[in-house]
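Visitor: Attaching a single structure in structure tokens format; questions to follow.
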Amino acid sequence: MRKTFRRFSERIIEGLFTLSGGMTSLAILLIVVFLFKEGAGLFQSPDVEKGYVLAVNAGNPVERLDAKQIKEIFDYEYTDWQTLGGKDEEIMPFRFNDIFSLYDEEEFGEDYVLLPEKLGDVIAQNPGIIAYIPERYAPKENISVKIFPTKNILPFNFFGGKEWMPTATPSPQFGVLPLILGTLWVSIIAILIALPLGLGVAIYMSELADDRTRKLLKPTIELLAGIPSVVYGFFGLVVLVPLIQKTLDLPVGETALAGSIILAIMALPTIITIAEDAMRTTPASMREASLALGATNWQTIYRVIVPYAASGISAAIVLGIGRAIGETMAVLMVTGNAAIIPHSLFQSVRTIPATIAAELGEAPTKGVHYQALFMLGCILFIITMIISISAEIISRKQQSKGL
């Protein structure tokens, strides 16, 4: 009877564990599907703000403009149609509200019935005009007006674009290249700082420190991992940023260097704890065998213990990089949030997580900006997955060499 009850209980527990694992896997899968589904909608969105069109005089030979050209026209960086393949005429950017400075509101009639006609007259009378107007008021029946065809946002323009200006009108700029490079730049420098320091402390705690020192250091380091990121951000903003600015004589202290140092400090507890645990699991017989063969303590550490713990050290590195790449608040506070391609550690940068955190609350749900931020989440997911797979491959090669 007891055996039957025990088997029944074990099966129930096994079933609960299986159900728990299945639900967790399903939840992860649904999150990934939702993330990519929302992000992919970006490439079905027009490159001009939804609900608006661009209209020009029918005599204008220019047939198509890309998003960057449209932005530069309305920023008055292009001033002549000839530079865009048109006639030698001055470009006249015209926004919808400009119509109210040309006509009294009473002339549009009840419910603005005559507004398309008035807009058509303005466009027909100005050969160099380019009008940014609501689609419902566009003078589509006027033969003197040409409506530019809208294009969807292209993946090439998104991944290769160098400007991130999601609120620009009439054509938002979703160039993600500065954000990707800013994220990688800050994260790589942070890991280059944290990795040697973290492994050094892990080796000291595992192999060199006495029990009293280890018992004091380990909980202290683990406590650092529990400090909220906003506290690290305040520390960086109040202490580190002014220090960098004064020491290096920079215009501002909110730079990639400040973000890298803060991320390195935040990644250290993870790297130290996991790497130290991995090295302490090395069997004592392997240490004794190495020493018995005449190896010194240091030779035993880097020829026996570190290779044996390579898998755990790789996990520490991956988690450290993941902490650096995915960190939001601290980076948001100390890097300056300038969406520019970084060329130096002493420039302000913007990372992908900081961009999502700063802009998602203001992006209209299901809008183009909203979809672009979800696509940023997809990019972050892919970067993290590539790092994890790479670390796993490296770990397996190291283990096969050790065997």
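Visitor: Can we say V113 is at pLDDT below 90 and among the aliphatic types (A, V, I, L, M)?
Guide: Taking the combined requirement at face value, the residue satisfies it.
Visitor: Related question: Counting only residues that are free of Cβ contacts under 8 Å to residues at least 60 places away in the same chain and loosely packed, with under 14 Cβ neighbours inside 10 Å, give me the helices (runs of 4 or more DSSP H) lying completely in the range 165-269 with at least 2 of them.
Guide: Those helices (runs of 4 or more DSSP H) span 177-203, 211-225, 241-248.
Visitor: If you don't mind, another one. For F159, work out the one condition from (1) over 26 Å from R350 (Cα atoms); (2) surrounded by 14 or more Cβ atoms within 10 Å (Cβ to Cβ); (3) without any contact (Cβ under 8 Å) to a residue 60 or more places away in the chain; (4) not assigned by TED's automatic domain parsing to the domain that holds A330 it doesn't fulfil.
Guide: The one condition F159 does not meet is (1).
Conditions tested, residue by residue: (1) within 30 Å of V48 (Cβ to Cβ); (2) touching a residue at least 60 places away in the same chain (Cβ under 8 Å); (3) crowded, with 17+ Cβ neighbours inside 10 Å; (4) of a type outside the set (G, A, S).
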{"position": "M333", "(1), (2), (3), (4)": "no, yes, yes, yes"}
{"position": "A372", "(1), (2), (3), (4)": "yes, yes, yes, no"}
{"position": "L376", "(1), (2), (3), (4)": "yes, yes, yes, yes"}
{"position": "I389", "(1), (2), (3), (4)": "no, no, no, yes"}
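Visitor: What do you reckon, is S348 at pLDDT below 80 and of a type in the set (G, A, S)?
Guide: The answer is no for S348.
Visitor: Something else now. Of everything in the range 152-164, what is assigned to a helix (DSSP H, G or I) and of a type outside the set (F, W, Y)? Give them in sequence order.
Guide: P155, N157, G160
Visitor: One residue is enough: does the range 348-359 have a residue meeting the conditions under 21 Å from E254 (Cβ atoms) and out of contact with any helix residue (DSSP H, G or I) (no Cβ under 7 Å at 6 or more places or on another chain)?
Guide: Yes, some residue in the range 348-359 is under 21 Å from E254 (Cβ atoms) and out of contact with any helix residue (DSSP H, G or I) (no Cβ under 7 Å at 6 or more places or on another chain).
Visitor: Look through the range 142-151, keep the residues that are in a loop (DSSP other than H, G, I, E, B) and out of contact with any Asp or Glu (no Cβ under 6 Å at 6 or more places or on another chain), and return whichever of them is nearest to P116 (Cα to Cα).
Guide: Among those residues, the one meeting the criterion is N142.
Visitor: Whether any residue in the range 322-329 is surrounded by 16 or more Cβ atoms within 10 Å (Cβ to Cβ), within 26 Å of A225 (Cα to Cα), over 22 Å from the mean Cα position of the chain (by Cα) and not β-branched (V, I, T) is what I want to check.
Guide: No, the range 322-329 contains no residue that is surrounded by 16 or more Cβ atoms within 10 Å (Cβ to Cβ), within 26 Å of A225 (Cα to Cα), over 22 Å from the mean Cα position of the chain (by Cα) and not β-branched (V, I, T).
Visitor: Pull up the range 142-151, narrow it to residues that are closer than 17 Å to M92 by Cα, under 41 Å from the mean Cα position of the chain (by Cα) and not aliphatic (A, V, I, L, M), then point me to the one that is modelled with the highest pLDDT.
Guide: K146
Visitor: If I filter the range 321-330 for residues that are in contact with a helix residue (DSSP H, G or I) (Cβ under 6 Å, 6 or more places away or on another chain), without any contact (Cβ under 8 Å) to a residue 40 or more places away in the chain and either in the same structural domain as L248 (by TED's automatic domain parsing) or closer than 17 Å to L195 by Cβ (or both), do I get at least one hit?
Guide: The answer is no, given that none of the residues of the range 321-330 is in contact with a helix residue (DSSP H, G or I) (Cβ under 6 Å, 6 or more places away or on another chain), without any contact (Cβ under 8 Å) to a residue 40 or more places away in the chain and either in the same structural domain as L248 (by TED's automatic domain parsing) or closer than 17 Å to L195 by Cβ (or both).
The values are calculated or read from the model by the stated rules, or taken from the named source; none is laboratory data. Since the model is a prediction, treat every value here as computed from it, not as a measurement. Neighbour counts run over all protein chains shown; Cβ positions are idealised from the backbone, glycine included.
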